[in-house]
Structures are given as structure tokens and as C-alpha cells.
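Novice: Submitted below is the structure of interest, expressed as C-alpha cells.
The values are calculated or read from the model by the stated rules, or taken from the named source; none is laboratory data. If you're wondering where the values come from, they're calculated on a predicted model, not measured in any experiment. Counting neighbours? That spans all protein chains shown, and the Cβs are built from the backbone with ideal geometry, glycine included. Please note that ligands, DNA and RNA were not included when accessible areas were found on the heavy atoms of the full protein model with its side chains. Shrake-Rupley method; radii C 1.70, N 1.55, O 1.52, S 1.80 Å.
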Amino acid sequence: TAAAATAVAAADAGTGGPEAWEDDMQMRSVHGDTKATLAQDLRSYVDETPMLEQMMSDFMQSLLLNQPDDVYSAAAEFFGDIAPK
């Protein structure tokens, strides 16, 4: 959010770096709120997209069964095979 970005910029300018947010109570609060909102948004997306959970489950099962050395190539092949044409 814009408030979080402003708070991060202020923390960077006033306390010596991006990691300083951990020592700033207001920044910790903003971080917690942002994290909770993001988690809720992501959960909503997963809940509203039932095929996503099944697709990811199928992909993980494929990885575990085949145990490819190159996971990136296996992912490209797996998702390439199921992509709409």
C-alpha cells in the first residue's frame, strides 16, 4: 500500500537501512497489517480458483514421482502439456 511504501522510505532515510523496520514499532505494525492483508487476498484467490489447487497438487505429485534433476524443465514440460492452445 502507499502508506507502507511511505513508512518504508521514512525508515530507510531516518534509521540507516531497510532492515531497520524491525526495530520500529510503527513499521512492525504496518508490516503485520500488510502481511495479513496479502495472506487474505492470496487465500481468496485460491478459494475462488478451484482448478489452481488441483493443478498444483498434480504438479507436485508429478515432481515427487519422477524426481527430475531439472525442476524448471519438468515444470515447463508439465505446464506446457496442459496449457490451453
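Novice: Going by average Cβ density within 10 Å per residue, which order do the peptides 71-79, 48-56 take, highest to lowest?
Specialist: Put in order of decreasing packing, that is 71-79, 48-56.
Novice: Tell me the accessible surface of Asp41 in square angstrom (1.4 angstrom probe, heavy atoms of protein chains only), to the nearest ten.
Specialist: About 90 Å², ignoring ligands and nucleic acids.
Novice: Quick one: accessible surface of Asp81, probe radius 1.4 Å, all protein chains present, in square angstrom to the nearest 10.
Specialist: Asp81 has an accessible surface of roughly 110 Å² with all protein chains in place.
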